[in-house]
Amino acid sequence: MGESSNRTRIVLNVNNEKYEIETEPHKTLLEVLREKLDLTGAKEGCGLGSCGACTVLVDGEPVLSCLTLAVEVQNRPIVTIEGLFKDGHPHPLQRSFVECGAIQCGYCTPGMILSAKALLEEKRNPSRKEIQEALSGNLCRCTGYNKIVKAIESVIKG
Amino acid sequence: MTNYLNVGQPQPRIDGLEKATGEARYTGDLKLPRMLIGKLLVSPHPHARILNIDFSKALTLLGVKAVVTGVDLSGQKYGPFRSRRDETGLARDKVRYIGDPVAAVCAKDEETALEAIELIRVEYEELPAIFDVEEAMQEGSPLIHEEYKTNICAQRHFNFGDVEEGFNSSSHIREDHFFSQGLSHGALEPRAALAHLDPSGRLTLWTGTQSPYNVRQDLSLVLGLPASKIRVIKPFVGGGYGGKGGLSSHEVAASLLAIKTRQPVKISLNREEEISMTRLRHPMSVYVKTGVRNDGAIMAQYVKCIANGGAYACTSVMVAYNSGLTCLIPYRISNFKYDGYVIYTNRPMSGPMRGHGANQPRFAVESQLDMIAEDIGLDPAELRLRNATQKGDTSVNGLLFRSCELSRAIREATGASGWKQKRSRKETNRGIGIACGGFVSGARAGSHTASSCFVQVNEEGGVVLSTGSSDIGQGSDTTLAQIAAEVLGLSPSDITVVSGDTETTPIDPGTFSSRVTFYAGNAAMRAASEVKHLLAETAAKFMEANVEDIEFRDHKVFVKHAPDKEMAFRKLAELTISSGHGRSVIGKGQWAPSNTQFPDRTTCYGNVSGAYSFAAQVAEVEVDTTTGEVRLQKVTIADDCGQVVNVLGAEGQAEGSISMGQGHALMEKILFGDRGQIMNPSFSEYKIPTAADMAGVSFLGVGLPDPEGPYGAKEIGEGLLISTLPAITNAIYDAVGVRITELPVRPEKILEGLRKK
């Protein structure tokens, strides 16, 4: 059978906007963000929570949206990469990633920036080791991570 | 080195902000009205004849629109090389590995498509399968492609000088065996394709490909559709490293489904499919025999490589050649013999992966050189210096080294890393190792090899650069913008780069073999120079000067020797475009090196590239002798890539290469089951380096401008990776005296090695 009749209405709070959507309970937050809300910044890299490309922030915490059900996060503040670029002004992390050469193919970048944002909101002055640990759930195959770490350190220095 | 305003500077990516804000659209992000989702059905058998495919039940499912199989294809085979086309996209007569695509379904959503896949019934007649290369090479073993009458997919042989004579005059000879494992590219973006047929029968395919024109050409063959009715567009690509090169099954399937349904069809591979049904780095065994004189000079070398090519040829013939080629780039060897084989087996196909057949023999040769150095009591770096290729050399197989700073690279890498002090230290678990290598800046292809660019200036002085080369994340768009900006005295932010669209960008082989900066960079220089000349003619008229005296810099034009005469570039553009009846300011550039030859098929003689990069890498490791774990601490790279165009880009390539080499050396391995299937097709089981594994990197540019390269630039995309792995394994030996000859290094192997001592 191709037709699902168990849809439910939920309210998602994404980037300070409320969205009322209809979805099946088993749909992941990643699927809903990308397919229903057209917020394609969060990516599917593995579908199993091993790569971090789907990272978004829920209540300020980094969350693997491919392993999170949309219904689980109703009404809780969700931040995606699209929420960081306000009124034509990039977030300091976005600017720093660009200027430091921390972006190559860019596929890991949204998840990486959000993980970094969560870290900097938790710790004002993390050590290099702490930065590396905090990002260890976001895989990158292009950069070797060196400039990503530098970009974050550059934001800390201010 | 000349000081340029753009070239040689650290330049952030011109598409960086799009990527940082999530606005960059990759193929999987694209959506079209009435779009259907497609899924592939693959073979559960390693080798079987297809007797019947019954998809009637699948079609009865609500929301399923169409099913396609191999019978919907033209019957023509395709492949990256004309000489060996053995792929059909969807299996037609046989399946040749577990994971070989057999059919494809499209439906209103992914779940329905997946349900439909389950309802397709395929009848197979299983055939005997082979997975081992030695077995597959035997006479009488089951043939994977009957038409070739052998399972030897590709072979190349080099025989230069007189190796017998060379070994006879050697005072020390070593013979060693090495094995390098199968690897997955690990691009964060799994592959995807979106196809759409318009009412007039023109097909558009959006796909994250390295070579849009090659995809168009092969798609034309396999669909039986003229190439001029096919448009291939490359959106943003989330990494390729060679794996997104030629036409692939999901692209064929999406196109077929779009043609059948007249609706757009998108197929996105998941990670399991991405690892198990796409290309791998060739697992390869390497045998090396090297003879040296008392002073360490290499007198003769014999290398034999046997690679497991999997079920389809892909670029294996190039791998067979490259494995021999790599041995003759960094060192002067007058007597050299090489036998290279790639063998068909019933496993997923091997294909191009960054380094393309050079990595495995490089590991073998660099390891053995260290072993020889120890045998004869010579410092490993000194041994390399005594054999290093020099500028002006011609190798025995005809390679012309018109620029080469390898000796300088070795000195600088060892100097900067503190080689001497660290080699003589007493610490028993820290080690330092060196390896060298060199790589082509694009290789002469048998068919279309040149690159072309267009440059167009608008009435506000804005510039559009159009190229068929693909930016797959390596930053070629930015590099080309820097080059065009340098010619025209502008900034890269004034240049918009349009790349990878077969309808609007000029024909180009694409991105592989580290060719883009070298070939497309030169084409961009020519196109920009044509435009510069056009503008200079107008400037000369208005400023009453000679055309030759017009200079472009700082967004203005000046007259040499008349410093008060100047005009804004913007104004000049406006004047030129509005002159007479109105003009267009467009330049065209096309370029290929003039001194290359396609290597002779029998002798393999020929200068295959216009320029070669060189590098020396020094790796430092720490080994935990209790657990056997190896930690890569730091890598110092001294790189001769000629003139560095983008400093940020070059460092990024170095750092990324080190991470990939670290994975190759210490972590990654494709595990094959007893029926050739990939047992670990996920990131949790196939582990690639994380930020926690990050090593310190010191990058030193030691090159001098190459006479052929754009502003003297050479490649940097692949040459660095090939020497990272052996630098690490040599460092491990220096640390704990354990020589790993079969990759990857694992804690168990270290502990076993320590026990044996």
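The values are calculated or read from the model by the stated rules, or taken from the named source; none is laboratory data. These numbers were taken from a predicted model, which means no experiment stands behind them. Cβ atoms come from the backbone with ideal geometry, glycine included; neighbour counts cover every protein chain shown.
Taken over segment B:208-238, the residue count meeting the criterion of being away from chain A (no Cβ under 14 Å) and of a type outside the set (A, V, I, L, M) is 13. For segment B:481-506, a tally of residues being assigned to a loop (DSSP other than H, G, I, E, B) and among the hydroxyl-bearing types (Ser, Thr, Tyr) returns 4. The selection criterion, being of a type in the set (Asp, Glu) and under 25 Å from the mean Cα position of the chain (by Cα), holds for B:Glu18.
Test B:Ala713 against the criterion of being more than 21 Å from B:Arg271 (Cα to Cα), of a type in the set (A, V, I, L, M, F, W, C) and surrounded by fewer than 21 Cβ atoms within 10 Å (Cβ to Cβ), and give yes or no. Here the answer is no, as B:Ala713 does not meet what is asked.
The single residue among B:Leu51, B:Leu59 that is more than 14 Å from chain A (Cβ to nearest Cβ) and either assigned to a loop (DSSP other than H, G, I, E, B) or at pLDDT 95 or above (or both) turns out to be B:Leu51. Starting from residues that are assigned to a loop (DSSP other than H, G, I, E, B) and away from chain A (no Cβ under 14 Å), keep the ones in segment B:638-675 and report whichever is surrounded by the most Cβ atoms within 10 Å (Cβ to Cβ). In this case the residue turns out to be B:Cys641.
Selection of segment A:133-158 for residues being on the phi > 0 side of the Ramachandran plot and facing chain B (nearest Cβ under 7 Å) yields A:Gly144, A:Tyr145.
For first residues located in segment B:676-699 and over 17 Å from B:Gly310 (Cβ atoms) and more than 10 Å from chain A (Cβ to nearest Cβ), partners that are part of a strand (DSSP E or B) and not small (Gly, Ala, Ser) and lie 6+ apart or on another chain with Cβ distances below 8 Å form the pairs B:Ser698/B:Lys634; B:Ser698/B:Val635; B:Ser698/B:Thr636; B:Ser698/B:Ile637.
The single residue among B:Glu566, B:Glu530 that is among the charged types (D, E, K, R) and more than 14 Å from B:Gly489 (Cβ to Cβ) turns out to be B:Glu530. Filter segment B:101-154 down to residues that are within 14 Å of another protein chain (Cβ to nearest Cβ) and outside any strand (DSSP E or B), then give me how many there are. Residues that pass the stated criteria total 12. The residue list B:Asp86, B:Asp93, B:Asp29 contains one member that is closer than 30 Å to B:Arg601 by Cβ, out of contact with any Asp or Glu (no Cβ under 7 Å at 6 or more places or on another chain) and crowded, with 17+ Cβ neighbours inside 10 Å, which is B:Asp86.
Listed by first and then second residue, the pairs with beta-carbon distance under 6 Å, at least 6 apart or on different chains, first residue in segment B:725-745 and modelled with pLDDT under 95, second surrounded by fewer than 24 Cβ atoms within 10 Å (Cβ to Cβ), form an empty list.
Only a single item in (1) touching a helix residue (DSSP H, G or I) at 6+ places or on another chain (Cβ under 8 Å); (2) surrounded by fewer than 24 Cβ atoms within 10 Å (Cβ to Cβ); (3) touching a residue at least 24 places away in the same chain (Cβ under 8 Å); (4) more than 21 Å from A:Cys54 (Cβ to Cβ) is not met by B:Arg13, and it is number (2). Note on segment B:700-717: residues that are away from every other protein chain (no Cβ under 14 Å) and either assigned to a loop (DSSP other than H, G, I, E, B) or without any contact (Cβ under 8 Å) to a residue 60 or more places away in the chain (or both) total 10. Restricting attention to segment B:432-442, the residues that are small (Gly, Ala, Ser) and either surrounded by fewer than 24 Cβ atoms within 10 Å (Cβ to Cβ) or not in a loop (DSSP other than H, G, I, E, B) (or both) total 4. The condition of being in contact (Cβ under 8 Å) with a residue 40 or more places away in the chain, more than 30 Å from B:Ala192 (Cβ to Cβ) and assigned to a helix (DSSP H, G or I) holds for only one of A:Val155, A:Val71, that being A:Val155. Candidates are the residues of segment A:1-20 that are touching a strand residue (DSSP E or B) at 6+ places or on another chain (Cβ under 9 Å), surrounded by fewer than 16 Cβ atoms within 10 Å (Cβ to Cβ) and outside any loop (DSSP other than H, G, I, E, B); the one that is farthest from the other protein chains (Cβ to nearest Cβ) is A:Val11. The set of residues from segment B:506-554 being polar (S, T, N, Q) and touching a residue at least 40 places away in the same chain (Cβ under 8 Å) comprises B:Thr511, B:Ser513, B:Ser514, B:Thr517, B:Asn522, B:Ser529, B:Thr538. In the condition set (1) more than 14 Å from chain A (Cβ to nearest Cβ); (2) outside any loop (DSSP other than H, G, I, E, B); (3) surrounded by fewer than 21 Cβ atoms within 10 Å (Cβ to Cβ), B:Glu18 is compliant with all but (1).
The criterion of at least 1 residues that are β-branched (Val, Ile, Thr) is met by the following strands (runs of 3 or more DSSP E) wholly inside segment B:536-618: B:550-553, B:556-559, B:585-591. The condition of being touching a residue at least 40 places away in the same chain (Cβ under 8 Å) and either touching a Pro at 6+ places or on another chain (Cβ under 7 Å) or surrounded by 24 or more Cβ atoms within 10 Å (Cβ to Cβ) (or both) holds for only one of B:Asp176, B:Asp162, B:Asp218, that being B:Asp218.
Taking B:Leu385 as the residue in question, decide whether it is assigned to a helix (DSSP H, G or I), within 12 Å of B:Gly296 (Cβ to Cβ) and free of Cβ contacts under 8 Å to residues at least 40 places away in the same chain. Judged against the criteria, B:Leu385 is a match.
Residue selection: B:Ala536 satisfies the criterion of being hydrophobic (A, V, I, L, M, F, W, C) and over 30 Å from B:Met353 (Cα atoms). No other residue among B:Gln617, B:Gln633, B:Gln590, B:Gln597 is closer than 20 Å to B:Ser698 by Cβ and surrounded by fewer than 17 Cβ atoms within 10 Å (Cβ to Cβ) apart from B:Gln633.
Residues in segment B:321-362 that are within 27 Å of B:Gln138 (Cβ to Cβ) and of a type in the set (A, V, I, L, M, F, W, C) were compared, and the one that is nearest to the chain's Cα centre (by Cα) is B:Met349. When B:Leu194, B:Leu205 are screened for being within 14 Å of another protein chain (Cβ to nearest Cβ), assigned to a strand (DSSP E or B), farther than 25 Å from B:Leu671 by Cβ and in contact (Cβ under 8 Å) with a residue 24 or more places away in the chain, only B:Leu194 passes.
In the set (1) crowded, with 23+ Cβ neighbours inside 10 Å; (2) within 14 Å of chain A (Cβ to nearest Cβ); (3) farther than 23 Å from B:Ser514 by Cα; (4) not charged (D, E, K, R), B:Tyr241 fails one condition alone, (3). Filtering segment A:52-97 to residues that are within 12 Å of chain B (Cβ to nearest Cβ), more than 12 Å from the chain's Cα centre (by Cα) and surrounded by 21 or more Cβ atoms within 10 Å (Cβ to Cβ) leaves A:Leu93, A:Gln94, A:Ser96, A:Phe97.
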